[in-house]
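Contents: one structure, followed by commentary.
What follows is calculated from the coordinates using simple rules that are stated; it is not laboratory data. Computed from a predicted model, the values in this text were never measured in an experiment. Cβ: placed from backbone, ideal geometry, glycine included. Neighbour counts: every protein chain shown.
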Amino acid sequence: MTDNRQLAQRQPKDIDEALEFMEATLIEFHKYRDKRAIFLRLYYIMTLEVQAAIKGTGVYKGRTVFLDPEWIRSLSGRFASLYFRSLDTYDREPDERVERAWKAAYTAAGTKRSTVVQNALLGINAHILYDLPRALAANLDPGDLKDYATLQLRKFDHDQVNNLLIRVLNRIQRVLAHDYAPGIAIADGLLGHLDEGLSEAGLRHYREGVWWAALAYAAATAEEDLDEQVVREKLNWESHKVAGQLGRWRVLWFLERTLGLPFKLLRLRRWDRIALETVGGLAVDDSPVNPLR
């Protein structure tokens with residue numbers, strides 16, 4: 001069985017180490033058919049794209065994407081560290097009021113009836129709405145908060161990550177359908193481009209709010225007479241509220257289970273035989289229009 005406390009000790013210092021830890025954890029999750037692999041797989045693919053943009057490999061060869069690549073490299077490590085830290089939340093934080101969005105995500109992952117899309121969205125919600133503001137705040141130097149120009153540069157790089165994530169939405173959808181739930185491909189065909197459009201709009205909306213939450217968290221942390229716990233509790237409450245809303249999409253989860261039932265009965269995919277993407281080997285232009293051109 002997976003040792004959650006051991007996994008939680010994986011605290012990467014940068015994006016390269018984060019990807020190494022993600023790959024090792026995915027292999028372990030697949031070995032035990034652990035549904036936590038679903039979110040981690042899409043997070044892994046997204047992080048591969050960011051790494052390619054930092055290093056200038058693949059479609060990013062000869063192009064500059066970030067104003068401060070090293071800042072994004074460090075941020076990615078901090079962000080991933082919070083993900084790994086969440087894996088032992090039930091062992092470390094038995095209080096149900098703490099890390100509530102992650103608890104909702106891992107509770108769903110532990111049930112047979114939860115779907116692939118449901119697990120993916122619950123993980124995205126917890127990691128973006130609860131973890132990302134804290135990672136951004138930790139990656140801002142105290143002087144950054146007092147320098148408007150520097151903050152604008154940081155915000156630009158934050159927004160560039162949005163574009164990278166949007167580029168890989170189609171690829172992620174294909175991976176989830178191929179390796180975990182073939183029924184997703186059927187639903188995608190029925191919806192046309194509607195789901196991609198909604199995903200893009202939602203991603204931009206939530207990451208915009210995350211930036212301002214991060215500034216509030218960083219400012220509260222920097223001031224001795226302010227309590228950053230107030231901001232953290234706000235993030236905890238908001239992310240849990242969204243998780244609850246996702247739980248009420250029962251019709252969608254029923255549709256996904258129904259479409260995937262024939263494939264589940266045939267057991268077309270063994271998780272322990274899933275081939276992961278190679279570090280540094282992603283960065284394929286999946287979008288008809290390159291948002292970074």
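At a glance:
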quantity: Packing-based ranking, highest mean first, of 54-61, 81-88 given that Cβ atoms within 10 Å are counted; calculated: 81-88, 54-61
quantity: The stretch 4-273: relative contact order in percent, alpha carbon pairs under 8 Å with at least 6 residues between; calculated: 25
quantity: Charged-residue dipole, Cβ positions (Lys, Arg, Asp, Glu), the stretch 4-273 about Cα centre, Debye nearest 20; calculated: 1540
quantity: Those residues of the stretch 225-248 whose amide nitrogen sits under 20 Å from the label point placed on residue 97, 7 Å along Cα→Cβ; calculated: 227-244
quantity: Value in Å of the Kirkwood radius, where the stretch 4-273 supplies the Cα pairs that are averaged; calculated: 19.4
quantity: Chain lengthening between residue 31 and residue 159 when straightened (0.36 nm per residue, less Cα-Cα); calculated: 42.5 nm
quantity: Positive-end residue of 56, 106, 72, charge dipole of the stretch 49-125 with Cβ unit charges; calculated: 56
quantity: Ordering of 213-219, 67-73, 38-44 by packing [mean C-beta count within 10 Å, highest first]; calculated: 38-44, 213-219, 67-73
quantity: Over 31 Å between alpha carbons, listed pairs 13/61; 112/155; 55/155; 13/234; 112/241; 13/103; calculated: 112/155
quantity: Cβ-Cβ FRET estimate between residue 205 and residue 270, R0 fixed at 41 Å, reported to 0.05; calculated: 0.65
